[in-house]
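J.: My questions all concern the structure below.
The values are calculated or read from the model by the stated rules, or taken from the named source; none is laboratory data. Note that the structure is a prediction, hence the values are computed from the model and not measured. FYI the Cβ positions are ideal-geometry reconstructions off the backbone, even for glycines, and counts take in every protein chain you see. Heavy atoms of the whole protein, side chains included, go into the accessibility calculation; ligands, DNA and RNA do not. Shrake-Rupley method; radii C 1.70, N 1.55, O 1.52, S 1.80 Å.
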Amino acid sequence: MFQVPLATSSTCLTSIAFWETVLLYHCRPHLVNRKLIAVSQILFHKIYLHSKSINISEIFTRSAILYEVRKLNKLTKENISEDFIKSIVEYYDPKIMLIESSIKDFKEECNGVFMSVRILMPRNQKLGKSIEVVILDKDKNTATFVAVSENGKAISAPPFPYQIELTVTFNLRINLNNFEDADTTHAEWIAEKLFKKLLKWVENDIEDNKQMHSLSLITVDEYCLTYGNLKTKYGDSLIREWPKKTNTNPQKYVFEDIAIASYLICIWKKYAKDDVKFVDCGCGNGLLVYILNQEGYSGYGIDLRRRPTWDIYPESTKLEKQPLWDQKDAQYHNRFILNKLWDAVPTEMKSTRNLVRSKWKTLRDTFQKEASEMIWRCLHFLRDQFTARKSTGDLPEIELDIVIEDTIESNAEKFKDNNIVNSPSQSKKREKNQTDDIGSALINIEQNKLRILEIQTKNKDEDELFFESQLPHVGTVTPSSLFPNSTWLIGNHSDELTPWIPVISLRSSPHTNFFILPCCPYDFSGQKYNRTNTSISQYSDYLGYIKNVCNMCGFNTEMDKLRIPSTKRTCLVGIRRQVSSEEMDKINSEINTFIDTRLSTCNFKPRCNTEKVKNCTQLDRNLVQKLVFNCISNLLVEENLIKKTNGEHWNKGISLTLSDLSKKLAAEDLGQLKKECGGLQTLLRNHRYLFDIKNGKVSLREPLRLNEDTTKYKEKPCWFLKYHPNGCLFTSEECAYKHIFLNK
């Protein structure tokens, strides 16, 4: 058995290096086999055989394993026990003894035979699950892999046994049973992919225990099942609709958010669905919110800007409706957007549009004039919407830094002494000014009162109850935001908000947890994070920094790796600890002091709520014209003549690479282009009627010839006629552009 060597290394390795490499492949085969998403370990035992003449690798054939698999009702972890192994071996050795073991025990043993039974989870659900038996023989330094699929489906591993061996000369070798197996595409994969990966691990001296394993905080079986179901349910439809709304890659963003949603659902398995209330801070495209809402989890997403992809989701998807209340929002005066948002609110409130808008106006006016503790807490995001106007009559200036209750009385005396009490002799305009100023002062009074008074439970009137039910649909996330009704805050690539997520969770409520998936490294100030440990990557240093913040906030924080198409896939999951009030005060004091030190040079600056134009269209027109003429001049330095119909010649010029062309332009002009994030190529593409860019090379485009497709340009003046040294290539009848004969 295993008489056909498929591949052998030329270098030697130690027994320790051999087994470390084999165990890495055993525990994480998806690193090599891209058909797999994970493995579910079922059994790991040390085998004691009574008969010394039995070769255990020869007993566990594919047919023997398949026979036992077909006895199972379903290929699941619960249906497989030690009897699965005994049923195959007892015929040859009735006195077999199985001792439950582990990878750790295996590493400590110097000899013996171990058996691992696990389920291979495929990425493609059409393949079906496979069961794989691995025999690890420390006496012979061999590892034998045998896999079979359920119900005869296509298999996600080689459909024949193969053996990884450390030879007596200490070379790494892979063996097969026969030449027929060697002449297959599966054998080619073993030789070209698996063998080379094993050699790379040996050369790099990889120790598996130093690596952070993915999906370590959840059950792999549940994740694979959840991911498969969500992918089937949402994948195809989202892939079809995505390109209609955005140019981003649907293969990345759709399946990435499906994977993140699958992970969160597995994390939340220990909770009842009704107990999970999430807020996605900086929800971006909103896909994660959509999937979680569709799966029955209550929550909503908030982002500074509305994204085109939001139109894909049904109205039941709860994404932030900032234009409804924020006068600074770019869409605040967009009647189409506002009507669409207001049409969605009554549906969610199970009320009428007129009643909902009336209630909102009442709450907004109440907040402006006489904010109670509860209303201030719920509507604090409106505080920047009202500014006190300069008084024009007898109304005195009101100091807005009032912090104690008797200040209300002193201001009331001021109002009385200056005859501010409304009377028929006062004009309506003055009444309105007085009301607005008093209301603004009261807002600040209530805000500062809340800092020194405990929030007391009180009976809620109809307006308050209405707003509590509407609260999940409004608001924006800032360092002062609170989400007292949420049990989970999500920071999925939340950038500037990333370090604030655990702090906001701490301040929101005693039952608020968080999930953070950091990407771009930002500090509390909203500026880029400066790493402190140069011996590791900036990303690793930033992860350590964020975990330190989480621990300072008093959370039990664990790190894990997701299975997503991204290099930034390490997440942090923070679970709230139950602490005493004294310890909570200490935690708040320490984190506030730490934040103050980080903000000592710069306060928090949130991202702009309008997306900056980055296509070179905002450049000064004189600069654009200068750059265009310089580019054309450099292209026309050498002649490449084309004969006109009238017998004259027209210079098409040469081709230059973008790099060579940029070197011929002034550095100051290129600096202006760089600020637009588009660069020279973007500028040239904006003038595609002049420039042709192919394979990284730029050349002058010939004028368009008049035909059925180009008649639409006939009213536009011909640039070549006016500016090209040889005029236009075509006559006025042939050219697609209008020839206006003016002096150059």
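J.: Applying the selection to the range 717-738, what residues are open to solvent by 30 Å² or more (accessible area, probe 1.4 Å) and either part of a loop (DSSP other than H, G, I, E, B) or without any contact (Cβ under 8 Å) to a residue 60 or more places away in the chain (or both)?
T.: Pro717, Trp719, Leu721, Lys722, Pro725, Asn726, Thr731, Ser732, Glu733, Glu734, Lys738
J.: Out of everything in the range 233-267 that is at pLDDT 90 or above and among the polar types (S, T, N, Q), what residue ends up being nearest to Asp560 (Cα to Cα)?
T.: Ranking the qualifying residues of the range 233-267, first place goes to Ser262.
J.: Ser15 fails exactly one of the following numbered conditions: (1) at pLDDT 90 or above; (2) closer than 19 Å to Lys138 by Cβ; (3) crowded, with 18+ Cβ neighbours inside 10 Å. What is the number of that condition?
T.: Only one criterion is unmet by Ser15, namely (3).
J.: Within the range 550-599, can you find the residues that are more than 27 Å from the chain's Cα centre (by Cα) and open to solvent by less than 30 Å² (accessible area, probe 1.4 Å)?
T.: Residue satisfying the conditions is Ile587 alone.
J.: Considering only residues that are closer than 22 Å to Thr219 by Cβ and crowded, with 21+ Cβ neighbours inside 10 Å, which ones fall in the range 269-283?
T.: Phe278
J.: Within the range 109-132, which residues are closer than 17 Å to Tyr48 by Cβ and without any contact (Cβ under 8 Å) to a residue 60 or more places away in the chain?
T.: Within the range 109-132, Cys110, Asn111 qualify.
J.: Please pick out the residue among Ile131, Ile135, Ile99 that is open to solvent by 70 Å² or more (accessible area, probe 1.4 Å) and at pLDDT 90 or above.
T.: The conditions single out Ile99.
J.: Considering only the range 284-301, state which residues are at negative phi and open to solvent by 10 Å² or more (accessible area, probe 1.4 Å).
T.: Those that are at negative phi and open to solvent by 10 Å² or more (accessible area, probe 1.4 Å): Asn285, Tyr290, Asn293, Gln294, Glu295, Tyr297, Ser298, Tyr300.
J.: When the residues of the range 57-77 are filtered to those that are part of a loop (DSSP other than H, G, I, E, B) and in contact with a helix residue (DSSP H, G or I) (Cβ under 7 Å, 6 or more places away or on another chain), which remaining residue is most open to solvent (accessible area, probe 1.4 Å)?
T.: Selected residue: Asn73.
J.: Restricting to the range 509-532, name every residue that is free of Cβ contacts under 8 Å to residues at least 60 places away in the same chain, open to solvent by less than 60 Å² (accessible area, probe 1.4 Å) and out of contact with any Pro (no Cβ under 8 Å at 6 or more places or on another chain).
T.: Scanning the range 509-532 gives Pro518, Cys519, Cys520, Pro521.
J.: Still on this structure, please answer the following. From Ile54, Ile88, grab the single residue that is open to solvent by less than 50 Å² (accessible area, probe 1.4 Å), in contact (Cβ under 8 Å) with a residue 24 or more places away in the chain and assigned to a loop (DSSP other than H, G, I, E, B).
T.: Just one listed residue meets the conditions, Ile54.
J.: Any residue in the range 22-39 that's under 13 Å from His213 (Cβ atoms): show its pairings with residues that are assigned to a loop (DSSP other than H, G, I, E, B) and open to solvent by less than 10 Å² (accessible area, probe 1.4 Å) at Cβ separation under 7 Å, as long as the two are six or more apart or on different chains.
T.: Here the result reads Ala38/Leu215, each pair linking the range 22-39 to a residue that is assigned to a loop (DSSP other than H, G, I, E, B) and open to solvent by less than 10 Å² (accessible area, probe 1.4 Å).
J.: Sticking with this structure for a sec: Could you check the range 230-248 and list, in sequence order, the residues that are surrounded by 13 or more Cβ atoms within 10 Å (Cβ to Cβ) and in a helix (DSSP H, G or I)?
T.: Within the range 230-248, Leu230, Lys231, Lys233, Tyr234, Gly235, Leu238, Ile239, Glu241, Trp242, Lys245 meet the criteria.
J.: Quick check on this structure: which one of Thr532, Thr498, Thr478 is at pLDDT below 85 and of a type in the set (Val, Ile, Thr)?
T.: Thr478
J.: Count, please, the residues in the range 685-716 that happen to be under 23 Å from Leu658 (Cβ atoms) and in a helix (DSSP H, G or I).
T.: Going through the range 685-716 one residue at a time, the tally reaches 2.
J.: Also, quick follow-up: Within the range 644-662, which residues are at pLDDT 90 or above and open to solvent by 50 Å² or more (accessible area, probe 1.4 Å)?
T.: Glu648, His649, Ser655, Asp660
J.: Same structure again: For the list (1) part of a helix (DSSP H, G or I); (2) open to solvent by 40 Å² or more (accessible area, probe 1.4 Å), I need the number of the one condition that Met212 fails.
T.: Met212 satisfies all of (1) part of a helix (DSSP H, G or I); (2) open to solvent by 40 Å² or more (accessible area, probe 1.4 Å) except (1).
J.: A follow-up question, please. Taking the options Leu217, Leu225, name whichever one is open to solvent by 80 Å² or more (accessible area, probe 1.4 Å), at negative phi and aliphatic (A, V, I, L, M).
T.: Leu225 is the lone residue from the list that is open to solvent by 80 Å² or more (accessible area, probe 1.4 Å), at negative phi and aliphatic (A, V, I, L, M).
J.: Report yes if Lys77 is in contact with a Phe, Trp or Tyr (Cβ under 7 Å, 6 or more places away or on another chain), touching a residue at least 40 places away in the same chain (Cβ under 8 Å) and basic (Lys, Arg), otherwise no.
T.: Spelling it out, it is not the case that Lys77 is in contact with a Phe, Trp or Tyr (Cβ under 7 Å, 6 or more places away or on another chain), touching a residue at least 40 places away in the same chain (Cβ under 8 Å) and basic (Lys, Arg).
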